[in-house]
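A.B. asks: This structure is in structure tokens; I'll ask about it shortly.
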Amino acid sequence: MIKDICNIPNVTVTTWSSRNVVLAGPSYKKYLQKTLDLVKQNQVASIIGQPGMGKTTILRKLEQENAGFIYLDMANMKDIGQEFWSKIDREKAKMDVFPIIKANAKRLGYSFFKKIRGVPLQAWISAQCGKFDDKYMRIYCLDYQQDFEGMIHFLSDIKELWSVGILIDEVREIHIPAIHRLINAGLEIPLVMAIPTDVYSKISDLAIRRRLDESRISLDNALTPEDLKEIVDAYCHGVSEEIYPLVLSMWRGRELNTVSSVLQFVKREVEKAGKECEDLNCVKMKIKSSFTLNDVESQARELEKVLRETLQSISKELGITYVHPRSKRVEAKDRTTLVGIALVRNELAYLGVVRLFNGELNVDKDLELLGEVNEVDLERKKFQVGQRFVITNSDSLNLDKRIKKIVVPTMEIIRILEGDGEMSEELAKAIFKEFNLSGTEEVEVQT
């Protein structure tokens, strides 16, 4: 069994360290840059999106690139102040502010005589905690109420000393009033929030809604094929070329609609292939076989059979009065050709074939002839042909204008052939949707 092909953790990105952040995809890099620009202007920024769309990744990347930024994960926290103080390192605060206090020690009362008497400066400073109204001493002693108001006071003190910003992840409705107060506190420090779409939609306070909308970044429709390709490559470079077509097909079919769902799907598929392999080439072949047709002619015939059976099972719903149980030979211009699907609806015949491809397209004389078929015998009766169609996995297949092309992703075809009845039914219904038909509408005969 081969392991460690991909760098995708088992848990969601919310729990990752900022040191492990991988942000990929041109759209996400653009949104990160937009957020960085807002940060430089000490603005408030809101990143909106459904779970798994990459909000946390952007926040973690901001934390990684900005020393002094404080990341608050509010997923399981009610109080922003409590989460804030849990992230403050007392020893680091002491170490950072000590040089300033040392330079001002005399003003604070640490005299030359105390020094020569061997009174350690740090010990003396610690003994003075709470005795001076001095921001440096407050920071050193962390002399603040450990709550939301204390957080505001602390931020007001340190903002003049260091570059500081607040990153609030997983904002919930319960946090909105405190965030409003934080925005209105006049701190003039960057504040970036990640807010789930459903939470954002419920914010009724017009003042806070207006502030959030001023610099809102929406991720719900952010993903593009270019993003998917770069994300898959960044996390799973070794097999990205093989698995990306599968991811793209499922994304277009809306089975994968978030970054998180894409990554977990990739992880699952690679691990499944890895259990049966000892080397990377084997894994690549296993992945590729899961969305590659290996015998297009026999698989085309099998798909026609499945569709005939499906159309028969839902014939009443679609207004179909007859489905021919097998392939049907039809004639035009003194020549014959075979159609895999022949049915009757509203006293008109519908004729269809399946043409599948793995690579280059070949000229198909039978498809040229299909456009010429105007009449067909079914159930010992002649029917005019109302519509002709071809189901294919190729966008590049050129057809006579009298023939409707229905393109189905290869992955969907494979799943139908593997027994996915729901997808087979969707395809059967899609045939009639392509003709804008449902129920018992009339159709113009195409000749």
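The values are calculated or read from the model by the stated rules, or taken from the named source; none is laboratory data. Being a predicted model, the structure only gives us computed values, none of them experimental. Heavy atoms of the whole protein, side chains included, go into the accessibility calculation; ligands, DNA and RNA do not. Shrake-Rupley method; radii C 1.70, N 1.55, O 1.52, S 1.80 Å.
A.B. asks: With N set to the number of residues, divide the alpha-carbon radius of gyration of segment 143-275 by 2.2 N^0.38 Å and report two decimals.
C.D. replies: 1.46
A.B. asks: I want the antiparallel fraction of DSSP beta bridges within the chain, as a percent rounded to 5.
C.D. replies: Once the DSSP bridges in the chain are tallied, antiparallel ones form about 35 percent.
A.B. asks: Okay, moving on. Suppose only helical runs count, i.e. DSSP H with n ≥ 4. What mean residue ellipticity at 222 nm does that imply for the chain under -39500 (n - 2.57) per run, divided by all residues and rounded to the nearest 500 deg cm²/dmol?
C.D. replies: When only DSSP H runs of four or more count, the value is -13000 deg cm²/dmol.
A.B. asks: Report in % the part of the accessible area of segment 162-212 that belongs to carbon and sulfur, leaving out ligands and nucleic acids; probe 1.4 Å.
C.D. replies: That share works out to 52 percent.
A.B. asks: Could you state, as a whole-number percent, how many of the C-alpha pairs of segment 129-219 are farther apart than 14 Å?
C.D. replies: 69 percent
A.B. asks: By the gyration tensor of its Cα atoms, with a ≥ b ≥ c the square roots of the eigenvalues, what is the shape of segment 94-179: rounded for a/c under 1.5, prolate for a/b over b/c, or oblate?
C.D. replies: Values: a/c = 3.60, a/b = 2.78, b/c = 1.29.
Note, shape of segment 94-179 comes out prolate.
A.B. asks: Could you list log10 I(q)/I(0) for segment 1-147 at q = 0.13, 0.14, 0.21 Å⁻¹, which the Debye formula gives when each Cα is one point scatterer?
C.D. replies: Evaluating at q = 0.13, 0.14, 0.21 Å⁻¹ gives log10 I(q)/I(0) of -0.78, -0.85, -1.31.
A.B. asks: Moving to a separate point now. Rounded, prolate or oblate: which fits segment 348-431, taking a ≥ b ≥ c as square roots of the Cα gyration tensor eigenvalues, rounded meaning a/c under 1.5, else prolate when a/b beats b/c?
C.D. replies: oblate
A.B. asks: Oh, and also: Counting heavy atoms of the protein chains only and a 1.4 Å probe, report the per residue accessible area for the chain as a whole number of Å².
C.D. replies: Result: 52 Å² per residue.
A.B. asks: Now, a different point. Which entry in (i) 1.05; (ii) 1.21; (iii) 0.98 is this structure's computed Rg/Rh (Cα atoms, Kirkwood Rh)?
C.D. replies: Only one option fits the structure, namely (ii).
A.B. asks: List the residues whose amide H sits under 5 Å from the amide H of GLY49, counting only those 5 or more places along or on another chain, with H placed 1.01 Å from N in the peptide plane.
C.D. replies: Amide H to amide H, under 5 Å and 5 or more residues apart or across chains, GLY49 pairs with ILE195, THR197, LEU219.
A.B. asks: Which whole-Hz couplings ³J(HN,Hα) result when phi for each residue of segment 264-274 is put into the Karplus expression 6.51 cos²θ - 1.76 cosθ + 1.60, θ = phi - 60°, listed in order with x for Gly and Pro?
C.D. replies: 5, 5, 4, 4, 5, 5, 5, 5, 5, 5, x
A.B. asks: Then there is this: Please list, in order along segment 104-112, the HN-Hα scalar couplings obtained from phi with the Karplus expression 6.51 cos²θ - 1.76 cosθ + 1.60 (θ = phi - 60°), rounded to whole Hz, x for Gly and Pro.
C.D. replies: For segment 104-112, the Karplus curve yields 10, 4, 4, 4, 7, x, 8, 7, 4 Hz.
A.B. asks: Relative contact order for the chain using alpha-carbon pairs under 8 Å, separation at least 6, rounded to a whole percent?
C.D. replies: Result for the chain is 17 percent.
A.B. asks: From the backbone phi of segment 394-399, what are the Karplus-calculated ³J(HN,Hα) couplings (6.51 cos²θ - 1.76 cosθ + 1.60, θ = phi - 60°) in whole Hz, Gly and Pro given as x?
C.D. replies: For segment 394-399, the Karplus curve yields 10, 5, 8, 5, 8, 10 Hz.
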